Amino acid sequence: MNQAKIINKKARFDFEILDTYEGGMNLFGAEVKSLRGGRMSLEGSYVKILGSEIYLVNAHIYPYPYARPEGYDPKRTRKLLLHKKEIFSIKTKLASKHLTLVPLECYNLHGFFKLKIGLGQGKKEFEKREKIKRRDIDRDVQRVLRGK
């Protein structure tokens, strides 16, 4: 079976992930078929808590080419399926500190599509530059070691 795994690469660069949660997504049939083909983008999307429910906002699931396109919104808000205890825990952590919920990856697990969301704290600009600089130095060291 085709294992489609969509990763939000920008999330781990922009945020320091402190805790992760896994939940299901409420999808239409054509969206499931599109996800099986790996046709989704998590870039620019975020997770929002309204009342006692949690939603994925602005995630782009491309239309399935063989489905009817009438009335399909690729960036619609999708409900996430988590336990009430988990949602309450996330809500209390969000209220106590300056944290945000970020979608990290979407994958197929035993026929169900799951979304891994992370509780993250935004990184400052200098921390991002420091990480890039450290990565470049490590790459140069590895290149020199391979050459000898």
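So which of Ser41, Ser34, Ser89 ends up being in contact with a His (Cβ under 6 Å, 6 or more places away or on another chain) and not aromatic (Phe, Trp, Tyr)?
On the way: Ser34 fails: in contact with a His (Cβ under 6 Å, 6 or more places away or on another chain); Ser89 fails: in contact with a His (Cβ under 6 Å, 6 or more places away or on another chain).
Of Ser41, Ser34, Ser89, the one residue that is in contact with a His (Cβ under 6 Å, 6 or more places away or on another chain) and not aromatic (Phe, Trp, Tyr) is Ser41.
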Among the residues of the range 115-148, which ones are among the polar types (S, T, N, Q) and either part of a helix (DSSP H, G or I) or surrounded by fewer than 12 Cβ atoms within 10 Å (Cβ to Cβ) (or both)?
-> Gln142
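If I filter the range 62-106 down to residues being of a type in the set (A, V, I, L, M, F, W, C) and part of a helix (DSSP H, G or I), which single residue comes out as farthest from Phe13 (Cα to Cα)? Quick ask: steps written out before the conclusion?
Within the range 62-106, the subset of a type in the set (A, V, I, L, M, F, W, C) is 67, 80-82, 87-88, 90, 94-95, 99, 101-102, 104, 106.
Now drop any that are not part of a helix (DSSP H, G or I), which leaves 87-88, 90, 94-95.
Details: Ile87: 25, Phe88: 27, Ile90: 22, Leu94: 20, Ala95: 23 Å.
Per the criteria, the residue is Phe88.
Quick one: how many residues across the range 42-61 are part of a loop (DSSP other than H, G, I, E, B), touching a residue at least 24 places away in the same chain (Cβ under 8 Å), surrounded by 15 or more Cβ atoms within 10 Å (Cβ to Cβ) and not hydrophobic (A, V, I, L, M, F, W, C)?
To start, the set of residues in the range 42-61 that are part of a loop (DSSP other than H, G, I, E, B) comprises 42-45, 51-52, 58-59.
Applying the additional criterion that residues be touching a residue at least 24 places away in the same chain (Cβ under 8 Å) yields 42-43, 45, 52, 59.
Those left that are additionally surrounded by 15 or more Cβ atoms within 10 Å (Cβ to Cβ): 42, 45, 59.
Now drop any that are not not hydrophobic (A, V, I, L, M, F, W, C), which leaves 45.
The number of residues fulfilling the criteria is 1.
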Residue selected from the range 64-114 under the condition among the polar types (S, T, N, Q) and either closer than 16 Å to Leu50 by Cα or surrounded by 13 or more Cβ atoms within 10 Å (Cβ to Cβ) (or both), by the criterion farthest from the chain's Cα centre (by Cα) = Thr92
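Bear in mind that the values in this text are calculations on the coordinates, not laboratory data. Computed from a predicted structure; not experimentally measured. Positions of Cβ are generated from backbone atoms using ideal geometry, with glycine treated the same way; all protein chains shown enter the neighbour counts.
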